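Following: one structure in structure tokens, then a few remarks.
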Amino acid sequence: MKKQLNIILSAIVLFSCTNAAKEVEGEKNNQEVNMQEEMNSRLVYTDHHSFSKPDEAVVTHLDWKAEVSFEKKTLKSVATYQISNKKAVNEIHLDSRNLKIGSVSRDDQDMELEYEMIEHGEFLGSELIIPITSKTKSISIEYETTEGADALQFLDPVQTAGKKHPFLFTQSQAILARTWLPCQDSPGIRFTYNAEVTVPQGMLALMSADNPTEINETGVYNFTMDQPVPSYLMALSVGNIEYRKIGEETGVYAEPEIVDAAAYEFDNMQDMVDTAEALYGKYRWGKYDVIVLPPSFPFGGMENPRLTFATPTIIAGDRSLTALIAHELAHSWSGNLVTNASWEDIWLNEGFTVYFENRIMEEIFGKDFANMLALLSRQDLEDEIARLTDAGRAADTRLRVDLEGRDPDDGLTGIPYDKGFYFLKLIEETVGREKFDEFLNEYFNGFAFKIMTTDAFIYYLDEKLLSQNENWANAIRPNDWIFGEGLPDNCPNITSDRFVKVENELNAWLSGEKEAEDLQSGEWMTPEWMHFVRQLPDSMSNIQMEALDQAFGFTTAGNSEIQAAWLEKVIPNNYANAAAATEEFLIRVGRRKFLVPIYKAILMSDEGLDRAQAIYGKARQNYHAVSTSTLDEMLSWEG
Ligand code: BES
Ligand code: ZN
């Protein structure tokens, strides 16, 4: 009897328990549903830089066949697109710019199609409208690129390391993919692709896909990318290229003349991948390789999936500039997995990546080192805010920028990088690293292969993290950071003893207390040298400049970051000894981040525009369109 009662009692307890649990569960589900709904509404966005209408008809897969001609400097291609006609509409919209479109066809009709092209001007290009039906499964476009293919740079042999073979590489971000491929050129639209690329015999072709490691005799290369990617991550590189394996899933490609130096330089790449995975979850892209391009590559690096494109200027010989690899690798999560919905949300790509980069560097090189990088970023941020504010562009100092009617490349500043980094750092410091890491892990996983908008992120951050403690939102003030101008007063303050020591040494030298040779700089690493050079005044004598140069060899430094920072000082200080080196650097290197400040310094100097234009006249043919489009305007270049 007693036993029975017990059973009945426990049944009741159990019953009410499950009921209560169910209720809690139900409430939780409700909350989840509400949150999902709110997220969905906040994930609605407008991309001002694409004419595609993905809600109506969207490309899901591309089969790309192309032939590369180095004589004509063109790609001749047939692109076949699998489409999903979501709303049974009668046309699909693609982006294109400066492409010569031949015939257009589709699988459910024998005849060639009449398509429409609407020109929208300089940077947006033309809207390509192709008739479809609800039965259409695929469309096909024959086309050829033209001289106006701004993504492409065809290099003559003299512009390469080997000087014997030509070279080709692409740079699609932000909206240049449309200059070599008609596509829905919007970061929020993803598709898988296969490609067959024909190149001259003796050359290797590589894409942002699974890649060959050796040149074959046929010159025909096949690629598959079975993970959906946005168009800005479409990439191609062709040249006399060799491969060196570094770790289990890592390796480096480069011209034979520099491939061993590259392999030496990036020796710790596998370590970086392992470190990144330990922080924020599995690397999802199979292999992680880097290709070191010729020096005209306009960026430091570009996070093309499975194959980062990199400038050779990070090969310093002493493995000192690998933060850039950490940065591009980090994009495998922030950007390539969770992608900014539009270029107005680019801080979600770049700010998160700088934060992630800094965490990787901290794991590998220690907190001191990471703090120095953060402080350099702080200097960049303050300079950038001052520059933009002076130029009447204070609105561009917001994290979320307004790019309607503007070329996203003109809107690209250091703000999404450095202000984005400090915003995330502030969150980390406020909620604690453990909680923030948990949040980021969930974020990268939950939104893998999806988009993120600024509005959705704000809500997600609040729901998942800030709501856990009533003080956090007030301490962080996300809206001030995201929608406000300048630097909020709650910006984290990072300090570095090592930088204080650099300042002390610099002051000892400036006051004449110490000779350059006697400075305690033996242990300095790149960030310390950067800090030293950046703090040099613009009013030094030639004797002082020479003393520094003799002691530290800045003018001919193998470390391009230090050299470029020094050349920026050479100009206002009228240091004639370095004039030739400055010119040589500007002619050889096409990395925009280095070019812009040096040309700017020349513009502000006595010789000003004349000297800048004289150098530019010799250098311009070596630059990629990304760099010339900025410099043409800056230097009033009329060809
Ligand atoms: N994805 C960017 C380059 C980019 C951004 C190209 C926007 C076009 C439009 C890349 O990851 C990058 O940030 N490169 C930096 C690297 C640096 C911050 C370590 C560069 O090139 O300097
Ligand atoms: Zn980046």
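Okay, here's what the table says:
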read-out	value
Residue list for the stretch 101-112, filter: in contact with a Ser or Thr (Cβ under 6 Å, 6 or more places away or on another chain) and farther than 18 Å from Asp63 by Cα	Glu112
From Gly558, Gly522, residue being surrounded by fewer than 21 Cβ atoms within 10 Å (Cβ to Cβ) and within 27 Å of the chain's Cα centre (by Cα)	Gly558
Residue within the stretch 185-193 that is hydrophobic (A, V, I, L, M, F, W, C), within 22 Å of the chain's Cα centre (by Cα) and under 28 Å from Ser105 (Cβ atoms) present	yes
Number of positions in the stretch 379-406 that are in a helix (DSSP H, G or I) and out of contact with any Leu (no Cβ under 9 Å at 6 or more places or on another chain)	9
Residue match in the stretch 30-38 (condition: under 18 Å from Ile451 (Cα atoms), within 26 Å of the chain's Cα centre (by Cα), at pLDDT 95 or above and not polar (S, T, N, Q))	no
Failed criterion for Ile482 (all others in (1) exposed (fewer than 13 other Cβ atoms within 10 Å of the Cβ); (2) part of a helix (DSSP H, G or I) hold)	(1)
Counted residues, the stretch 40-59 - those being farther than 25 Å from Phe123 by Cα and either surrounded by fewer than 18 Cβ atoms within 10 Å (Cβ to Cβ) or modelled with pLDDT under 95 (or both)	3
So Phe356, is it of a type in the set (Phe, Trp, Tyr), assigned to a loop (DSSP other than H, G, I, E, B) and either within 13 Å of ligand 1 (Cβ to nearest atom) or touching a His at 6+ places or on another chain (Cβ under 6 Å) (or both)	no
Residue within the stretch 203-214 that is away from ligand 2 (no atom under 16 Å from the Cβ), without any contact (Cβ under 8 Å) to a residue 12 or more places away in the chain and in a loop (DSSP other than H, G, I, E, B) present	yes
Scope the stretch 367-398; condition closer than 19 Å to His531 by Cα and among the acidic types (Asp, Glu); matching residues	Asp368, Asp380, Glu382, Asp383, Glu384
Tally of residues being assigned to a strand (DSSP E or B) and either buried (at least 18 other Cβ atoms within 10 Å of the Cβ) or touching a Pro at 6+ places or on another chain (Cβ under 9 Å) (or both) across the stretch 141-162	7
Flag for Val238 being surrounded by 22 or more Cβ atoms within 10 Å (Cβ to Cβ), at pLDDT 95 or above and not hydroxyl-bearing (Ser, Thr, Tyr)	yes
Elements of type helices (runs of 4 or more DSSP H) in the stretch 426-479, at least 3 residues being acidic (Asp, Glu)	433-446, 454-464
Residues within the stretch 587-612 that are over 19 Å from Asp409 (Cα atoms), away from ligand 1 (no atom under 16 Å from the Cβ) and not in a loop (DSSP other than H, G, I, E, B), tallied	11
Lone qualifier among Glu561, Glu528, Glu503 - being in a helix (DSSP H, G or I), touching a residue at least 12 places away in the same chain (Cβ under 8 Å) and touching a Ser or Thr at 6+ places or on another chain (Cβ under 7 Å)	Glu561
Per-region count, the stretch 349-375, residues without any contact (Cβ under 8 Å) to a residue 60 or more places away in the chain and small (Gly, Ala, Ser)	2
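The values are calculated or read from the model by the stated rules, or taken from the named source; none is laboratory data. Source: prediction; values computed, not measured. Heads up, the Cβs are rebuilt from the backbone with ideal geometry, glycines too, and the neighbour counts pull from every protein chain shown.
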